[in-house]
Amino acid sequence: MGLREHGRSEEKVRASAMAKIKDHAYETVHWRLEKRSRDLLEYQEKHAGEGSIEELRTRFMDEVKPFEVIEFEGNLMMNVGINVMLDLLMGAAGTVFSNANAYLGVGDSAAAAAAAQTDLQAGVNKTYVGMNGGFPVVGTTAITFQSDFTAALGNYAWEECATFNGNNPPVAAMLNRKVQPLGTKVVGATWTLSMAITIS
C-alpha cells in the first residue's frame, strides 16, 4: 500500500470513529391531563374506612370518568435541572426527584420557555403538587411523574406545566417546562397531570 492509500485508510478510520462519537441520545416527553368534575378528597372522606387512601383513589378514578383527556408532547429542559441530574450522575450532592421530593407545577403564564428559567413564569397563579403514591415510577428507559390537583388547587387557566425537586423554586430545581393551553380548572374538580420522560 502506498503512502497516499495509507493516508486515505487512516482518514476513513477517523471518519468512522467520529461518526460513532456523534451518536445522539434522544429525550422525548409525553404529558397527559385527565379532567374530572368531582373532588377526590371529598370522595375519600365520604368513603373513609372502606379501604386505604390509595385504594379509595383507585376506586374514584374508576367510578368518576374524566370528561376530557388531553395528551401532548414536548418540553424544554432547564439548565438548573440538567445540572442537578449531572451532579447526581457523578455522585455529587443534590436533591433527588423522589416521591418525597418531586412536584408537578402549573401556572397561568404563556411566556415562552427559556433554558435559564428557574420557575413557572406566572406571577401569582402557580401551584406545586407532590407525587401520587408510587410515583415517580421507572420503566424501560422512562420515568413517569404524576400528581392530583384536587378541588382547591390550581383553579385558574392552565398555560404552563413543569417538574421540580421541591415546592420552593428557585431553591428547588425546575427540571423542565412546557407551555401549553389546557383550559381553566374550577373549584370542585380534580385534574390529574402526568409527565413521562423517555431516553433512547
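The values are calculated or read from the model by the stated rules, or taken from the named source; none is laboratory data. These numbers come from a predicted model, not from an experiment. Please note: Cβ atoms are built from the backbone with ideal geometry, for glycine as well, and neighbour counts cover all protein chains shown.
Does residue 189 count as modelled with pLDDT of 95 or more, small (Gly, Ala, Ser) and touching a Lys or Arg at 6+ places or on another chain (Cβ under 8 Å)? Yes: the conditions hold for residue 189. Please go through segment 101-128 and give me each residue that is aliphatic (A, V, I, L, M) and more than 15 Å from residue 175 (Cβ to Cβ), ordered by number. Those that are aliphatic (A, V, I, L, M) and more than 15 Å from residue 175 (Cβ to Cβ): 110, 111, 112, 122, 124. Can you find, within segment 113-126, the residue that is surrounded by the fewest Cβ atoms within 10 Å (Cβ to Cβ) among those that are out of contact with any Pro (no Cβ under 9 Å at 6 or more places or on another chain) and of a type outside the set (A, V, I, L, M)? The selected residue is 123. Residues that are closer than 20 Å to residue 199 by Cα and of a type in the set (Gly, Ala, Ser) were ranked within segment 130-146; the one that is surrounded by the fewest Cβ atoms within 10 Å (Cβ to Cβ) is 139. Look at (1) in contact (Cβ under 8 Å) with a residue 24 or more places away in the chain; (2) more than 21 Å from the chain's Cα centre (by Cα); (3) more than 20 Å from residue 129 (Cβ to Cβ) and you find that residue 76 fails only one, number (2).
Residue 110 satisfies every condition listed in (1) at negative phi; (2) assigned to a strand (DSSP E or B); (3) out of contact with any His (no Cβ under 6 Å at 6 or more places or on another chain); (4) surrounded by fewer than 21 Cβ atoms within 10 Å (Cβ to Cβ) except (2). Within segment 52-82, the set of residues being within 27 Å of residue 27 (Cβ to Cβ) and of a type in the set (Gly, Ala, Ser) comprises 74, 81. Counting only helices (runs of 4 or more DSSP H) that sit wholly inside segment 22-103, those with at least 3 residues that are at pLDDT 95 or above and closer than 25 Å to residue 187 by Cα are 40-46, 53-63.
Across segment 185-200, the number of residues qualifying as in contact with an Asp or Glu (Cβ under 9 Å, 6 or more places away or on another chain) and part of a strand (DSSP E or B) comes to 8.
Yes or no, residue by residue, for (1) in contact with a Gly (Cβ under 9 Å, 6 or more places away or on another chain); (2) surrounded by fewer than 19 Cβ atoms within 10 Å (Cβ to Cβ); (3) among the hydrophobic types (A, V, I, L, M, F, W, C); (4) more than 21 Å from residue 32 (Cα to Cα):
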site	(1), (2), (3), (4)
77	no, yes, yes, no
89	no, yes, yes, yes
93	no, yes, yes, yes
99	yes, yes, no, no
103	yes, no, no, no
128	yes, no, no, no
148	no, no, no, no
158	yes, no, yes, no
162	yes, no, yes, no
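Listed by position, the strands (runs of 3 or more DSSP E) enclosed by segment 114-163 that each have at least 1 residues that are without any contact (Cβ under 8 Å) to a residue 12 or more places away in the chain are 137-139.
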